[in-house]
1. Can you list, largest first and rounded to whole Å, the semi-axes you get for segment 239-418 by taking the square root of 5 times each eigenvalue of its Cα gyration tensor?
2. Can you grab the distance from the C-alpha centre of segment 94-158 to the C-alpha centre of segment 522-571, Å, no decimals?
3. Working only with C-alpha atoms, what are the Rg and Dmax values of segment 368-490, expressed in angstrom?
4. Among 570-579, 19-28, how do they line up from the highest to the lowest mean number of other beta-carbon atoms within 10 Å?
5. Tell me, what is the Rg over Rh of segment 3-234, with Rh the Kirkwood radius over Cα pairs?
6. Can you sort Met508, Met251 by how many other beta carbons sit within 10 Å, fewest first?
7. Over the alpha-carbon set of segment 428-580, work out the extent along each principal axis and list the three values in angstrom, largest first.
8. How tilted is helix 541-563 with respect to the longest principal axis of the chain? Cα atoms for both, answer in degrees (0 to 90, nearest 10).
Amino acid sequence: MCGIIGIVSITPFSVKGTLLKCLKRLEYRGYDSSGFVLVDGTASKAIGEISSIMSQVNDSLTSTTGIAHSRWATHGGVTDTNAHPHFNTSKTLFVVHNGILENFQDMKDKLVKKGYKFITQTDTEVIPHYFDDKLKQGNDITKAIQSFLKEAKGTFAILLMQKGSNILYAIKRDSPLVLGLAKDKFILASDIYAFSDETNKAIFFEDNEYAIITPDKYEFYDKNGKKTEKKIIEFEWTREDETKEHYKHYMIKEIKEQPQVSLRLINSFETIQNDKLNKLLELMKNTKRIVFIACGTSYHASLVGSILLNHLGIYTSCIIASEVESFIKFDKDTLCIAVSQSGETMDIVTEVKKAKQAGSKIASIVNVPYSTIQRMSDVSIEILAGQEVCVAATKSFTNQVIVMLELARRLGYKINLKHIPKKIQQTIAINEDKIKVISNELASKRDIFVLGKGMSYPMAREIALKFKEIDYIHAEGMMAGELKHGTIALIEEGVPVISLIPNNNEDMISASKEVEARGAHTIVISNIEGKGEIIVPKCDDAEFAIYAGIIGHLMSYYVGVVLGVSIDRPKNLAKCVSVR
Ligand code: F6R
């Protein structure tokens, strides 16, 4: 996680209006603290969201070179001192870093023996001292970078700046880094979104590559110092209005955008994404084994896809990326389908790399174009959800499920996707007021259980995840059938149990009755008129998953409103989990 920005410009740029504006666009990557330093050594750090640091900066402050950082803490608590940028003792070398330096303790011990004093608990502080030491030994910076690439273990995107010099040094291994080519400046960033309002031209770093950026030119090198030729990519970004408009939070804005966002995706299936979908189907048909890998909410969408394809007789498995090695070994007969909103989740990136090395074909379903996972894929379907600002995934989740339905449709599943946007709109319009009332009651509860079966089981998990991450309420999403094998012991008078019951599913009705008999306060979500507290439009079980998910997202949102929590930026989270 963490977002990094570096700017080198021919003409002075506004620190607030450019450097911190770009940083703000990376805030979803971490918001424990932020900081910046300019080429003349002017620096500032603050705990909390980027708005805190913005309020400390004068509108008239400008610079020609500077680096900035938004932190998601890994090593060391959330303090001013641990906030980036970090520097050497004489404050002439400044560093921002995204990633984890795994052998930082070894490197630190060596530096401490040489007399270096450390003032933070971070792994990053090793870096400026390391470069200080190398320069004192008579190396130039490029030689020092090459040594660093040999010695350092772990993941990093690093920007290094020397006081008084309009040059940025950028080093990358595993953590994402991209150079934006704007009119009179170069912008280094963790992703293209940071500068997508400044330019659509970008160059992506490869692993173990470094670059030297001056106001009028850039040069890229491999780890041995050999110059590398780089391709300039002209990217397109699916833009939504990036303000909250009249909404109080991005979460509700993004939930309500779904009729348009899903329509854009469904239209793309017959047009711009048709060939890619056909290519993916070819890969699916010509492989012995299909494995979805994903994390969190994207895992839940993948699980819907996997269950649906299994129903069609196309056997697939779906594995949480951080546990892949517990379940399978990739080989050349396996198709790995990586599902990720950000396209940068490190648990997935790591497994995709392993799969590639083992000769597996890689497909991906991502939201962020040119993300690491997309660039490693043989074919990549985009979910076209546009920028999702709220840390919790909502519209991206719905569109991931729609891609699953489209894959199934092309493999023989009977479904008309064209109705979905309208039905999403109805789901929200018919139920929003009822959900507000229910959410008022749920807000005071300690535990919430969500039950599902078949394609609604992933939804039960998804809804429970949202109660946990947005509202900090303990919630369990489970297979209804498993309830009686233990968890039912927790059901007592007034415990809320949300039952997802599509098409009068008998097993689900029984499970719901069983908890009701023990005093649970059941809230049934159904698609049959008169059969539940919440009714979504008529549909089959697969489509029901979409509408039930939206209801769950709305419930967690309105519970959050009642509780007055930080809905768009829940504590301890970041949107892009780029560490393992
Ligand atoms: C939950 C949420 C996370 C992500 C997970 C994977 O609302 O957003 O659980 O789904 O961190 O992220 P991506 O999809 O970017 O790989």
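1. Equivalent-ellipsoid dimensions as semi-axes: 26, 19, 14 Å.
2. Their Cα centres are 49 Å away from one another.
3. Rg then Dmax for segment 368-490, in Å: 17.4, 48.
4. Result, highest mean first: 19-28, 570-579.
5. 0.93
6. Lowest to highest Cβ neighbour count: Met508, Met251.
7. Answer, in whole Å and largest first: 40, 35, 34 Å.
8. Approximately 70 degrees, to the nearest 10.
Only the coordinates and a few stated rules stand behind these numbers; no lab work does. Keep in mind it's a predicted model, so treat the numbers as computed, not measured. Virtual Cβ from ideal backbone geometry, glycine too; neighbours counted across all protein chains shown.
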